[in-house]
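Quick notes on the structure that follows.
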Amino acid sequence: MSPVPAPTDPRRSFLSRLASGALALTALPIAARRAHAEPAPPAEPWLAPFVKATHKQVFDGPNINAGFPMAFAGTYLNTMREGRDLKPGDAQAMLVLRHGAAVLAVNDTIWAKYKLGASSNVTDPQTKAPALRNPYANAKPGDMNNVDYALDKLPALGVTLVACNLAVTKLAERAGAAIGMKPEDAVAEWKANLLPGVFLAPSGVMAVGRAQETGCSYCYAG
């Protein structure tokens, strides 16, 4: 004889279905939250353009690398926009200048006074001597592969420039000590002479991480 199937408890079956449904409903908001970029708090204005952007990438620039960090960021935006019907703001790029590349965030006044060309091993393509100006801002023909991607032009292109506060601080203190300045005075002067459009983040690695939390893909640019 075939075994007789055990009777089904209607109440137990109903409770099982109810529990399964509750778990599914609980999972939906979690998945939905993961699908959305993390919002930028007011203390991080450099993240604001990335919250709603569809295409976004952060370029991690720890080294000067002959100006290629700027070229990577600019090239990304230009090529993303080619042949695509994108609305303004749909494509965004962030360039994080950290570690040794933080010297790129300051203007010619600082480069000349603190002799940053010599300390950063940057030669002025025009004079062939250690640079007394930032050759990657307001670049002249021959200063870099594509002067259209100079630091002063990137914000208008749509690149958000972020510098590491820790690196700026340490580099300023070291450079200030070399010319007999008080550390706090050198740091204040560097921060007063950031290039237009440069944001200071608490640290460069934090900025790179927060950009990715806001949905950016990552590109090593240094």
Residue within the range 103-113 that is farther than 24 Å from ALA48 by Cα, in contact with a strand residue (DSSP E or B) (Cβ under 7 Å, 6 or more places away or on another chain) and of a type in the set (S, T, N, Q) present: no
Within the range 145-188, tally of residues that are of a type in the set (Gly, Ala, Ser) and free of Cβ contacts under 8 Å to residues at least 12 places away in the same chain: 4
Subset of the range 87-114 (residues that are within 13 Å of ALA175 (Cβ to Cβ), surrounded by fewer than 24 Cβ atoms within 10 Å (Cβ to Cβ) and free of Cβ contacts under 8 Å to residues at least 60 places away in the same chain): ALA112
Test result for ALA139, touching a His at 6+ places or on another chain (Cβ under 6 Å) and open to solvent by 10 Å² or more (accessible area, probe 1.4 Å): no
Sole residue being within 15 Å of LEU157 (Cα to Cα) and of a type in the set (Ser, Thr, Tyr), chosen from THR54, THR79: THR79
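Residue-by-condition table, conditions (1) under 18 Å from PHE72 (Cβ atoms); (2) loosely packed, with under 14 Cβ neighbours inside 10 Å:
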site	(1), (2)
LEU151	yes, no
VAL159	yes, no
ALA167	no, no
LEU171	no, no
LYS182	no, yes
ASN193	no, no
VAL208	yes, no
CYS216	yes, no
Verdict on VAL198 being open to solvent by less than 70 Å² (accessible area, probe 1.4 Å) and either of a type in the set (Ser, Thr, Tyr) or out of contact with any helix residue (DSSP H, G or I) (no Cβ under 8 Å at 6 or more places or on another chain) (or both): no
Test result for GLY117, among the small types (Gly, Ala, Ser) and touching an Asp or Glu at 6+ places or on another chain (Cβ under 7 Å): yes
Checking PRO62 against (1) modelled with pLDDT of 90 or more; (2) open to solvent by 60 Å² or more (accessible area, probe 1.4 Å), the condition it does not meet: (2)
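The values are calculated or read from the model by the stated rules, or taken from the named source; none is laboratory data. Remember, predicted model here, so these are calculated numbers, not experimental data. Ideal geometry is used to build each Cβ from the backbone, glycine not excepted, and the neighbour counts take in all protein chains shown. In case anyone asks, the SASA skips ligands and DNA or RNA and just uses the protein heavy atoms, side chains included. Shrake-Rupley method; radii C 1.70, N 1.55, O 1.52, S 1.80 Å.
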